[in-house]
Structures are given as structure tokens and as C-alpha cells.
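Okay, structure first, notes after.
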Amino acid sequence: MADRLEGGASVLAFPEPPRLRRRRTALLTIGGAAVVVLLLMAVALFSPALALKDVSVRGTKLLTAQSVQEKLAPLQGKPLPQISKDDVGRLLAPVVQIKSWDMQFRPPNTMVLTIVERVPVAVLKNSTGLSLVDSEGTPLAAVQDPATAKLPLVDGTDKTMTPDVFKTVTAVLGSLPPSVLALLADATARSVDSVTLDLQDGRKVIWGNADDMDLKSRVLQALLKKPDDPANPVNTFDVSTPRHPVTK
């Protein structure tokens, strides 16, 4: 086909090469697909059909599931794709009992929150009363009857129980398994190098400082499992030098 110009000249119109047609078609297809994807993302991001309605909480002992759900109440009604870990983290940050957490979404309306709580290792006595504390000395919950906790007592009213000494004592207790903690009556220390554990049956454990805590814990567990010898009763377990423990 030819187009006629002024003066009678003509220009031939050549058909578009197949390669260009294919390229244009591909670009149009990709562009159309991108628009569809963006529309679907916008629908998912803002759709009330994906609004948060239920929060399933797992792993709580010190806390109740309801107390955690109440902390996350500001997220109710927000579409799941708009909820970030930062959003959840800001709401849970004031809850000292939570050590870590993870979340998963179960569309259309559910968030599953898995909680890892701090583990109590002692009952702290101070001027305000009794409270459970973890291995870092973090207060976790008030206690009315320390006997129900089955944990050693730490006397925070003792003037020698400075912050450094207190953190050393709780770190030592944190290295012990629940089975040993349940046998302890209290834990004391005059300095960071003189931690002593008193068993409920009257026997003592000379622990020393916070070095080699895992080894000391294993050695103490082994000594406590040894059968008693009525002829040579053991009143003191000295694991301050764990590779050379002494009983007397």
C-alpha cells in the first residue's frame, strides 16, 4: 500500500516486522498482568474480609491468653497484610514476662501468637513483698505463699545483696534444672564470689562465683544423686572448683 505525497510522489507503507509485533504484544500482556496483580494486592491489603478477628495465644503459664489478647486489641479489625512484627512488638514490649514470641497468620481472620515466657528461678523478698524473678533478676509476678512456688528464697533486704551480687545469685539459679531448684530453701551471697545454696534438708552447697556454671550444675546434680551413706553423712557439697568437688 502506498501513500501519495505532494507532487505526485508516493511512499510505500511496509508491514510491521513480526518481531516488533510480538514485542508489543508481550509488553501489553505484561503490563496488563501487572495491573491485575496490583489490583489484587490492593484488594488483599485493604479488604475487610481479611480483617483480624481472632488471636490464638500459645505457650503462656505466668500470663493468661486473655491478657495477651487484650494487649493486641488495637490490631482488631486491621487487615492481616497490614499487621507487621513491629506493630505486635510495640504492643507486647511492656509485658516483662515475655522473653520472645513469634506470629503466624491463618487467613482469613486469625493470628497465631506463640509466646516464650521468662522462667522463674527464685522468690525475691524485698520491702514491697515477694515476687518471682528470672535468671536476669526480672520481677515476673507477685507471690503470696513462697512455698507454692517451689523455688529458693533470695533475701533482697540483706544489705550485702547489692545489684551485682543479686544478678550473680539469679544467674547461678538459672543454671540449675527445676528438679534441683525444688530442693533449695534459699540462696545467699556476701559477694559475687561467695554464692551459697541451702537445701531444704539442711545441707549446704558452696558454689562460689558465676564461672563454669554449667559444669558446676552437672557436678552438683551428680553428687545429689549419690546414695546417702549413714556412716558418713554429707552436710556440704563444695562445687566451687567443679573439677575437684569436695563433700564433707
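In table form, for the structure just shown:
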read-out	value
Ranked L173, L183, L113, criterion: other C-beta atoms within 10 Å, fewest first	L183, L113, L173
Per-peptide average of other Cβ atoms within 10 Å, ordering 95-105, 122-132, 224-234 highest first	122-132, 95-105, 224-234
Convex hull of Cα atoms in the stretch 130-248, direction-averaged projection (nm²)	7.3
Calculated FRET efficiency for the pair N126/K78, C-beta based, R₀ 41 Å, to 0.05	0.50
Reachable lysines, given that their alpha-carbon falls under 26 Å from the alpha-carbon of K225 and they are not under 8 places away in the same chain	K150, K204, K216, K248
Inter-part distance where the stretch 173-248 and the stretch 56-107 are each reduced to a Cα centre, Å	40
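Coordinate-derived values only; no laboratory data. Worth saying up front: this structure is predicted, and the values here are computed from it rather than measured. In this analysis, Cβ positions are derived from the backbone assuming ideal geometry, glycine residues included, and neighbour counts consider all displayed protein chains.
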